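Colleague: Here you go, one structure.
The values are calculated or read from the model by the stated rules, or taken from the named source; none is laboratory data. Nothing here was measured: the structure is a model prediction, and the numbers come from that model. Here the Cβ is made from the backbone with ideal geometry for all residues, glycine too, and neighbour counts use every protein chain on show.
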Amino acid sequence: MGLLALLVVWLSVPRTALADPPATADAAADAKSRADDALVSGRPSEALALYQKAYAIRRDPALVYNMGRAHQALGDHVAALEQLEQFAASAPPDIKARVPGLDKLLAEVRKNVVTVSIVADVAGATVRIQDRIIGKTPLPGPVRVKPGPTVLIVEKEGHFAYERAVVLQGGALSTFDVKLASKQTTAILTVRSAVVGAEVSVDGKREGMVPTEVVIAAGTHEVELTHSGYRKARSSLVIAAGERRTLDVLLEGDAPITKKWWFWTGLAAVAIGTTVTIIALTTERDPGAGSVAPGRISAGLSF
């Protein structure tokens, strides 16, 4: 639905249907009329405030719809969806019949909203998406947020904060199973390397590719990095509970063939053999030397 259509669609209730006292009805009708003008004129913020004022005076379901459209015009699709769903659930059939494209409108708005489900293994942790505090675990249910890149943070005192950069897709359900590590018994190790794609193993268990963050128990651990074309790198470290440690690992490339010991040993043997052959083929022998009849041996005679 285009912007023009979005701005010119609104609902109203005839004055004859109002049960409020005349003064109250007049105040609500005046606020709504000014809101309609503001919405059509491209002033959705002003329109929303006036619709809210009118709704505080008179709980007209048509105003719920109008508030949803004002939120939509402002780009707040989460609030728009909440208001439009409220209208769809509570408005009388005759009022909803005046919005024949309601289902299509709801589907359109839902494409711009992400439903996020967050479950944590620790109660009382604060959940934030970007700068918005969602609540404390356990959350009562999924929450709705706008799509796009964001950061999910779950934190509680005495635990390492869970922080993850994500890209949320509109119209989808994103589920996160969050585990918070206690600072009393565990530590966090981040393993990095300049070699992209190097695989990390800690105590023999593969943990992923660099850079990777691993929650480990306090104590001594063996870290190993591998990558095709590079020598395996091993490192041992001791880490304390509650500590965050970053380990940068240098991977050395496999030695080229000219630096391998067997290459030069073999090459030397070949060189010696070549020298002997050249000497044997080009140097005169003393008469009577060797098993060949006495005489001179010149180049070109093989043996």
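Colleague: Out of all the residues in the stretch 85-96, is one or more of a type in the set (A, V, I, L, M), surrounded by fewer than 17 Cβ atoms within 10 Å (Cβ to Cβ) and in contact with a Pro (Cβ under 6 Å, 6 or more places away or on another chain)?
Modeller: No, the conditions are met nowhere in the stretch 85-96.
Colleague: While we're here: Here are the criteria: (1) free of Cβ contacts under 8 Å to residues at least 24 places away in the same chain; (2) not assigned by TED's automatic domain parsing to the domain that holds Pro147. Tell me which single one Ala123 does not satisfy.
Modeller: The failed condition is (2).
Colleague: Still on this structure: Checking the conditions here, which among Leu168, Leu173, Leu225 is of a type outside the set (Val, Ile, Thr) and under 30 Å from Gly253 (Cα atoms)?
Modeller: Exactly one residue qualifies, and that residue is Leu225.
Colleague: Within the group Leu50, Leu11, Leu74, Leu39, which residue is at pLDDT below 85 and surrounded by 14 or more Cβ atoms within 10 Å (Cβ to Cβ)?
Modeller: Answer to the selection: Leu11.
Colleague: Within the stretch 16-36, count every residue that is surrounded by 12 or more Cβ atoms within 10 Å (Cβ to Cβ) and either aliphatic (A, V, I, L, M) or at pLDDT below 55 (or both).
Modeller: Result for the stretch 16-36: 8.
Colleague: A further question follows. Considering only the stretch 159-169, I want to know if a residue exists there that is modelled with pLDDT of 95 or more, over 18 Å from the mean Cα position of the chain (by Cα) and closer than 29 Å to Glu222 by Cα.
Modeller: Yes, the conditions are met somewhere in the stretch 159-169.
Colleague: Could you check the stretch 122-141 and list, in sequence order, the residues that are within 18 Å of Gly158 (Cα to Cα), surrounded by 11 or more Cβ atoms within 10 Å (Cβ to Cβ) and hydrophobic (A, V, I, L, M, F, W, C)?
Modeller: Across the stretch 122-141, the qualifying residues are Val122, Ala125, Val127.
Colleague: Kindly provide the set of residues from the stretch 71-102 that are touching a Gly at 6+ places or on another chain (Cβ under 6 Å) and closer than 13 Å to Asp60 by Cα, ordered by number.
Modeller: Gln83
Each row is one residue, and each column tells you yes or no for (1) assigned to a strand (DSSP E or B); (2) modelled with pLDDT of 95 or more; (3) of a type in the set (D, E, K, R).
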| position | (1), (2), (3) |
| --- | --- |
| Gln184 | no, yes, no |
| Leu189 | yes, yes, no |
| Val200 | yes, yes, no |
| Glu207 | yes, yes, yes |
| Thr220 | yes, yes, no |
| Ser235 | yes, no, no |
| Val238 | yes, yes, no |
| Ala241 | no, yes, no |
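Colleague: Take the stretch 147-200 and flag every residue that is touching a Gly at 6+ places or on another chain (Cβ under 8 Å) and among the charged types (D, E, K, R).
Modeller: Result: Lys156, Lys183, Glu199.
Colleague: It is to be established whether one or more residues within the stretch 178-191 are in contact with a Leu (Cβ under 8 Å, 6 or more places away or on another chain), free of Cβ contacts under 8 Å to residues at least 24 places away in the same chain and either surrounded by fewer than 17 Cβ atoms within 10 Å (Cβ to Cβ) or under 21 Å from Ala79 (Cβ atoms) (or both).
Modeller: no
Colleague: Condition first: closer than 20 Å to Lys32 by Cα and crowded, with 17+ Cβ neighbours inside 10 Å. Now tell me which residues in the stretch 97-108 satisfy that.
Modeller: The one that is closer than 20 Å to Lys32 by Cα and crowded, with 17+ Cβ neighbours inside 10 Å: Val99.
Colleague: Those residues that are among the charged types (D, E, K, R) and closer than 30 Å to Ala80 by Cβ, I need them from the stretch 144-161; list them, please.
Modeller: Arg144, Lys146
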